[in-house]
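Single-structure report; data block below.
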Amino acid sequence: MSPKFTLNRLLFGSPLRKVQKKWFMAQVRRSVYEPTPTIGILQIIGGVATLAAYNSTDQLTLRMLFATGTILGGVIPNLARKPTLILPAIWSGLFLSINGSRIAELLMAKVPLTFDATDLKVYETTYYKYLTPNQYKKLLDISHYETVQKGTRLKAENVPSTSLQLIVKGGVRLESVSEEVAVVKAEEPTQPNPFKFIGIPRHLEAPENREDEDGDEDEDEQAKKRRLEEAKETDNTAVEVIAGEETELMVTPLAELKKLLNDNPEMKLGLLTLFHERLLQKVLIRDKSLSVKRYFAMVKVAVSEGVIEGDVKRAIKKFRRDHSISKIQHREALAAVNWTSEDWHAGAKESGEKGAEQGRR
């Protein structure tokens, strides 16, 4: 008999299977027919529950199965045996408490939430892709709505923000040296990103609290106005954000927001993603505006002689394609120099209008 055949018979032959079966049945009998058979049965059920937990993908089901396995396989047997096994019971109780707390959190997360009309509108248009309803509820718990009157200074350049402000209704204007730079308004909810943030914080870290923690809200407001005035005196060219009309804001204190996000890493990731996309949109809008201005200038120079060469037209067409200049913007650029689409396709302005244009020069 070859050594290979002997080894196969030893490992996989029927004698080994009989030994394995006999050993397994002996273990089952010892568990069921031991002096405390109930404990053996409970441990078997607890082991099955634990095994099922490893194959579960639902968080709540997984935690409940693990808790069941810990109770039946650890806590009860260790307390029921004589003498009582205190340390193993405490160790099993520790795992049970961890799973119990997570089960409570998951059950609370399944409780239906209700939002009023304004909260729901803000969530659906601003936060729904980035925060779960329960995370948004936590954000609402530290936020409040505030209505400011026209002319109220809300933020100044180079002054650290103490709160995250979202324009829910109304609008603000950006001013520098008392001249209007831009206007930002809340739009209809049907528009993409209708509600605008006033200054997205570079870091989710609140500035140091300069006032006594026992100070009242009036003192905080006075300190805020004082910092705005100091910034204005220091840099007369700094941009200020001023309410252009009666404006409703959703205000979230940065100190409380920072603490909330440190306790909820997933929520922090969602908000950082939102802020990143909003900042990216600002950059794209700014670049788009610059591209349109360049296109207007290129068209003006190209048709200044009343005719446009083929290679120049091709270069402008390429610029238009590369920078996504729309047909409407193209027609506006032509109208700005008194050209029509027909003139552009013909490559020259009509003779009568060309002569009149030269006469005006």
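The values are calculated or read from the model by the stated rules, or taken from the named source; none is laboratory data. These figures come from a predicted structure and were not determined experimentally. Quick note on the areas: whole protein, heavy atoms, side chains included, nothing else; ligands and nucleic acids left out. Shrake-Rupley method; radii C 1.70, N 1.55, O 1.52, S 1.80 Å.
Of note:
- Solvent-accessible ranking of 64, 108, 250, largest area first, probe 1.4 Å: 108, 64, 250
- Solvent-accessible area of residue 90 with every protein chain in place, 1.4 Å probe, in Å² to the nearest 10: 100
- With every protein chain in place, the range 293-344: carbon and sulfur % of accessible area (1.4 Å): 54
- Counting heavy atoms of the protein chains alone, residue 339 has an accessible area of about 10 Å² for a 1.4 Å probe.
- Exposure check, 1.4 Å probe, all protein chains in place: residue 256 carries approximately 90 Å² of accessible surface.
- Among the listed pairs 129/150; 155/259; 169/259; 293/327; 293/318, those beyond 25 Å (Cα-Cα): 129/150; 169/259
- A straight line joining the Cα centroids of the range 321-348 and the range 92-167 runs 48 Å.
- Largest-first ordering by accessible area, 1.4 Å probe, given options 276, 345: 345, 276
- Where 127, 145, 54 fall by accessible area, highest first, once all protein chains stay in place (1.4 Å): 54, 145, 127
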